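Step one of this worksheet: look at the structure below.
The values are calculated or read from the model by the stated rules, or taken from the named source; none is laboratory data. Not measured: the values here are computed from a predicted model. Glycine gets a Cβ as well: all are built from the backbone with ideal geometry, and neighbour counts include every protein chain shown.
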2 protein chains.
Amino acid sequence: MTDYALLAKDMKADSFKMASLSEETRNDALAAIASALEAHSEEIFAANMTDLENGKDLPAPILGRLKFDQHKMDDCVTGIFDLIKLPDPLFKKQLDRQLDEGLELVRVTCPIGVIGVFFESRPDALVQISALCIKSGNCAILKGGSEAKESNKKLFEVIYNAGIEAGLPEGFCALVESHEGVDALLSCHDSIDLVIPRGSNAFVQHIMANTKIPVMGHADGICTIYVDKDADLEKAARIIADAKTQYVSACNAAEVILVHEDIDKEALAGAVVAKGKEAAGVDITVNMDGEYKEYLDYIMTMRSIAGVDEAISLINRNGSHHTDAIITENDETAERFMDNVDSAGVYRNCSTRFADGFRYGFGAEVGISTSKLHARGPVGLEGLVTYKYKLYGDGHIVADYASGKRSFNFKDL
Amino acid sequence: MTDYALLAKDMKADSFKMASLSEETRNDALAAIASALEAHSEEIFAANMTDLENGKDLPAPILGRLKFDQHKMDDCVTGIFDLIKLPDPLFKKQLDRQLDEGLELVRVTCPIGVIGVFFESRPDALVQISALCIKSGNCAILKGGSEAKESNKKLFEVIYNAGIEAGLPEGFCALVESHEGVDALLSCHDSIDLVIPRGSNAFVQHIMANTKIPVMGHADGICTIYVDKDADLEKAARIIADAKTQYVSACNAAEVILVHEDIDKEALAGAVVAKGKEAAGVDITVNMDGEYKEYLDYIMTMRSIAGVDEAISLINRNGSHHTDAIITENDETAERFMDNVDSAGVYRNCSTRFADGFRYGFGAEVGISTSKLHARGPVGLEGLVTYKYKLYGDGHIVADYASGKRSFNFKDL
């Protein structure tokens, strides 16, 4: 039986080896991994076929996510080469300050350390996340869904071997296969610095409720669009239909529409339904109960409200602090909304579906965080690094400053 | 009986009012609070006298921290005026990017929201922390030690009334007096965004173990100094003595000295003891058991090791990731240590006691964080803010980009 606590402890203790690799070594390893994935594609597809056969009774959307074919392989390889081109997030000087003569303080970015990644069904998530961790100098403990067991095993083997061959340190990542591993790892708050869950709401909520390790992600995404009295209603219908239909099960799909009381709610609902049909060929159902919940279906709700202040209050109290939008042509009302809504993303006159790392131009995304600490909104490489303070002296002691014998002379260099 | 969950929920829902105040309003409120503290100093000293009388059997160091006299008042008022002078941490544009024509993404700093601050004995901590929260636009729930009950009540009353008068929103901060309040508040992870504990290790550990809210701070501080074979031994003795004696019960005081095996450990210990006597007039006891623990006394331990790699490994496995130093004249060895030790502060040839917000030139400090997420090391105003993404469009929908009808044109503005 694997001792998961020991695995995590050893990885943590050795994580400094990964942290000090040069940009060149990390990028070379990524390139080697991309080549190895292509070279072993037949084995990978065969392993995936086994998973697909074992899971043939699973629902079609899960089978779609489980499939790892040439198309997914091409996406993974392209993704790795895009990642190689991104600027190095490590060793960046964020501060360089002389505290006194001969005493220099430098703040530099460094990896977080050990990241536990728990994901469901999609084997391409394993590739993407390992690559992000390598680029950012982090060690990763990966746990995939049991339905993708054979695919994950093969992908991990190829990635791990290619990484080691290219100079990454032993144990730079590990794959956990048994389900008991999850709970064991969630209790390793001394060794695992961060947990990233990717999967259904229930899955993310389970993880958030069962660990003291900081979790980067979000459980629900109850996104609201407020249609102000000064809205362009054609724009509103178009945006709402997109926010609901463009990808109905996404966390940034809109669920609740707050409508200014001066606007004919029924007419707006009709326009939204028509746009949904026209743009996406689907029938949107619009309830008028105004209930705050995540529908994850072609269903949304509308509620009539008094104005922007009520919208702000409702969203802050009932929303999930993910992404919320206002539709208005009034600059003042828009700013009031954008300044006061307490969400990772606040939008004016555009679809909530833009909440995404690629669409923000981050190049790669680990997920979307609704936490307000560390990283908020779509999280790219920047969210996978922290910093440390380095202080260089020449025999400097604090007693000299406390006694007044010497005094600080702060100067940013 | 106070309903603490409701108190926190209401504060959270209303926290946007605090978040949108202008820099001028926040600074004016701070100035008004400083004046009010001075104007009510007699009442404050009288309340403090009651606490001192009620606590007359408490140990002398606690009574020292409990005392709030003219000297502490002057420090508090000076601290507030220093804080007013610091640049505004809010509304800073961290990113301004055109995603496509007419679609602009802006990332701006904003407050974290509701901060729960739990502190022991020192009433001046209440003043300092309220002021930091006001400057950074955060709402604060304050819980002080029962021994400072009367002082805290009076200080809070003066601060709250002056703040409201100067235009801060109702409920911008609250004082919790009963001890049951603590546990009730620690379970409010939906309403309280961050907990900052300030007090003994046991106190901080209790809080960390009993909440799902992110905690900013540190429990223990087991700081290590490694004396390399290329060390200047006079410098080493001087730095070690300072790191132990300059303030013996501080979290950044050194506890463990790792000594390269080529160095005469007994001679070094003798030199450290002599320096401690000469510089601080105290007798340092040096054990040779090498046990990793926080002594918080004029006791330290020495252990003979093989070299810098063993030092890195011992510190990463047994230290508390707070602040660790190397004494060496060898640049290469120093860089190896500074790059690979996984601590918030890594120092060369200077005392670990420099780990402090004021000494880093931050002007004000909330505490020192050993967490790697969000804020690490001494935490100033920057650690009390987060950011949000604002996206401005003109009817932009995602379907147009997904279908290829439009494509992103990223341009940093």
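Where residues in the stretch B:258-285 are assigned to a helix (DSSP H, G or I) and under 20 Å from B:Phe354 (Cα atoms), which of them is farthest from the other protein chains (Cβ to nearest Cβ)?
The residue in question is B:Val272.
Hey, does the stretch B:28-38 have a residue that's closer than 30 Å to B:Ser191 by Cα and of a type outside the set (A, V, I, L, M, F, W, C)?
yes
Only one of (1) within 30 Å of A:Val256 (Cβ to Cβ); (2) surrounded by fewer than 15 Cβ atoms within 10 Å (Cβ to Cβ); (3) over 20 Å from the mean Cα position of the chain (by Cα) is not met by A:Asp230, so which one is it?
(2)
Mind listing just one residue for me: the one in the stretch A:293-307 that is surrounded by fewer than 17 Cβ atoms within 10 Å (Cβ to Cβ) and not acidic (Asp, Glu) and, of those, farthest from the other protein chains (Cβ to nearest Cβ)?
Checking each candidate, the answer is A:Ser304.
Pick out the one residue from B:Glu332, B:Glu310 that is more than 30 Å from A:Ala5 (Cα to Cα), more than 9 Å from every other protein chain (Cβ to nearest Cβ) and out of contact with any Ser or Thr (no Cβ under 8 Å at 6 or more places or on another chain).
B:Glu332
Results for (1) within 14 Å of chain B (Cβ to nearest Cβ); (2) among the polar types (S, T, N, Q), shown as yes or no for each residue.
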residue: A:Glu180; (1), (2): no, no
residue: A:Asp183; (1), (2): no, no
residue: A:Asn210; (1), (2): yes, yes
residue: A:Gly217; (1), (2): yes, no
residue: A:Asp220; (1), (2): yes, no
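Let's see how each residue does on (1) of a type outside the set (Ser, Thr, Tyr); (2) farther than 19 Å from B:Ser20 by Cβ; (3) buried (at least 24 other Cβ atoms within 10 Å of the Cβ); (4) in contact (Cβ under 8 Å) with a residue 60 or more places away in the chain:
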{"residue": "B:Leu90", "(1), (2), (3), (4)": "yes, no, no, yes"}
{"residue": "B:Asp100", "(1), (2), (3), (4)": "yes, yes, no, yes"}
{"residue": "B:Val114", "(1), (2), (3), (4)": "yes, no, yes, yes"}
{"residue": "B:Glu120", "(1), (2), (3), (4)": "yes, yes, no, yes"}
{"residue": "B:Pro123", "(1), (2), (3), (4)": "yes, yes, yes, yes"}
{"residue": "B:Asn152", "(1), (2), (3), (4)": "yes, yes, yes, no"}
{"residue": "B:Leu155", "(1), (2), (3), (4)": "yes, yes, yes, yes"}
{"residue": "B:Asn161", "(1), (2), (3), (4)": "yes, yes, no, yes"}
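Do you know which of the residues in the stretch A:403-413 that are under 45 Å from the mean Cα position of the chain (by Cα) and surrounded by 14 or more Cβ atoms within 10 Å (Cβ to Cβ) is nearest to the other protein chains (Cβ to nearest Cβ)?
A:Phe410
Among the residues of the stretch A:320-341, count how many are surrounded by fewer than 24 Cβ atoms within 10 Å (Cβ to Cβ), charged (D, E, K, R) and closer than 23 Å to B:Asp190 by Cα.
Number satisfying all stated conditions: 1.
Just for the stretch A:145-186: of the residues that are of a type in the set (S, T, N, Q) and in a helix (DSSP H, G or I), which one is farthest from A:Asn54 (Cα to Cα)?
Filtering the stretch A:145-186 for residues that are of a type in the set (S, T, N, Q) and in a helix (DSSP H, G or I), the one farthest from A:Asn54 (Cα to Cα) comes out as A:Asn161.
Can you tell me how many residues in the stretch A:84-111 are of a type in the set (Asp, Glu), assigned to a loop (DSSP other than H, G, I, E, B) and in contact with a Leu (Cβ under 6 Å, 6 or more places away or on another chain)?
Total meeting the criteria: 0.
Just checking, which of B:Val204, B:Val227, B:Val259, B:Val273 is modelled with pLDDT of 95 or more, farther than 24 Å from A:Asp400 by Cα and of a type in the set (Val, Ile, Thr)?
None of the others qualify; the one that does is B:Val259.
Looking only at the stretch B:16-23, decide whether some residue is among the aromatic types (Phe, Trp, Tyr), without any contact (Cβ under 8 Å) to a residue 12 or more places away in the chain and crowded, with 17+ Cβ neighbours inside 10 Å.
Scanning the stretch B:16-23 turns up at least one residue that is among the aromatic types (Phe, Trp, Tyr), without any contact (Cβ under 8 Å) to a residue 12 or more places away in the chain and crowded, with 17+ Cβ neighbours inside 10 Å.
Being aromatic (Phe, Trp, Tyr) and crowded, with 22+ Cβ neighbours inside 10 Å is the filter here, so list the residues in the stretch B:366-391 that pass it.
Within the stretch B:366-391, just B:Tyr389 meets the criteria.
Do you know which residues across the stretch B:238-257 are more than 10 Å from chain A (Cβ to nearest Cβ) and not in a loop (DSSP other than H, G, I, E, B)?
Across the stretch B:238-257, the qualifying residues are B:Lys244, B:Ala254, B:Glu255, B:Val256, B:Ile257.
Can you tell me how many residues within the stretch B:1-49 are part of a helix (DSSP H, G or I), touching a helix residue (DSSP H, G or I) at 6+ places or on another chain (Cβ under 9 Å) and within 11 Å of chain A (Cβ to nearest Cβ)?
Count: 9.
Being of a type in the set (Asp, Glu) and over 17 Å from A:Val127 (Cβ atoms) is the filter here, so list the residues in the stretch A:40-59 that pass it.
Correct list: A:Glu53, A:Asp57.
How about the stretch B:359-388: which of its residues are at the interface with another protein chain (Cβ under 7 Å from one of its Cβ atoms), part of a loop (DSSP other than H, G, I, E, B) and at pLDDT below 85?
B:Gly361, B:Lys372, B:Leu373, B:His374, B:Arg376
Consider A:Phe408 against the criteria (1) part of a loop (DSSP other than H, G, I, E, B); (2) out of contact with any helix residue (DSSP H, G or I) (no Cβ under 8 Å at 6 or more places or on another chain): it satisfies all of them except one. Which criterion is unmet?
The number of the failed condition is (2).
Could you list, in sequence order, the residues of the stretch B:144-188 that are more than 15 Å from B:Phe118 (Cβ to Cβ) and touching a Lys or Arg at 6+ places or on another chain (Cβ under 6 Å)?
Within the stretch B:144-188, B:Pro169 is the sole residue that qualifies.
Scan the stretch A:265-281 and report the pairs whose first residue is outside the structural domain of A:Lys235 (by TED's automatic domain parsing) and whose second residue is surrounded by fewer than 13 Cβ atoms within 10 Å (Cβ to Cβ), with Cβ atoms within less than 8 Å and a gap of 6+ or a chain change.
That search, which allows pairs on different chains as well, returns nothing.
Give just the number: which of (1) within 11 Å of another protein chain (Cβ to nearest Cβ); (2) in a helix (DSSP H, G or I) does B:Ser191 not satisfy?
Of everything listed in (1) within 11 Å of another protein chain (Cβ to nearest Cβ); (2) in a helix (DSSP H, G or I), B:Ser191 misses just condition (2).
Please state which of the following conditions B:Met338 fails to meet, knowing it meets all the rest: (1) more than 8 Å from chain A (Cβ to nearest Cβ); (2) under 26 Å from A:Asp400 (Cβ atoms); (3) part of a helix (DSSP H, G or I); (4) of a type in the set (A, V, I, L, M, F, W, C).
For B:Met338, the failing item is (1).
Looking only at the stretch A:159-173, decide whether some residue is under 13 Å from A:Tyr4 (Cβ atoms) and either at pLDDT 90 or above or in contact with a strand residue (DSSP E or B) (Cβ under 9 Å, 6 or more places away or on another chain) (or both).
Looking for residues that are under 13 Å from A:Tyr4 (Cβ atoms) and either at pLDDT 90 or above or in contact with a strand residue (DSSP E or B) (Cβ under 9 Å, 6 or more places away or on another chain) (or both), one finds none in the stretch A:159-173, hence no.
Test B:Leu391 against the stated conditions and say whether it is in a loop (DSSP other than H, G, I, E, B), under 30 Å from A:Ala325 (Cβ atoms) and among the aliphatic types (A, V, I, L, M).
So B:Leu391 fails the test.
Only one of A:Asp356, A:Asp394, A:Asp400 is at the interface with chain B (Cβ under 9 Å from one of its Cβ atoms), surrounded by fewer than 21 Cβ atoms within 10 Å (Cβ to Cβ) and free of Cβ contacts under 8 Å to residues at least 40 places away in the same chain; which?
Selected residue: A:Asp400, the only one of A:Asp356, A:Asp394, A:Asp400 that is at the interface with chain B (Cβ under 9 Å from one of its Cβ atoms), surrounded by fewer than 21 Cβ atoms within 10 Å (Cβ to Cβ) and free of Cβ contacts under 8 Å to residues at least 40 places away in the same chain.
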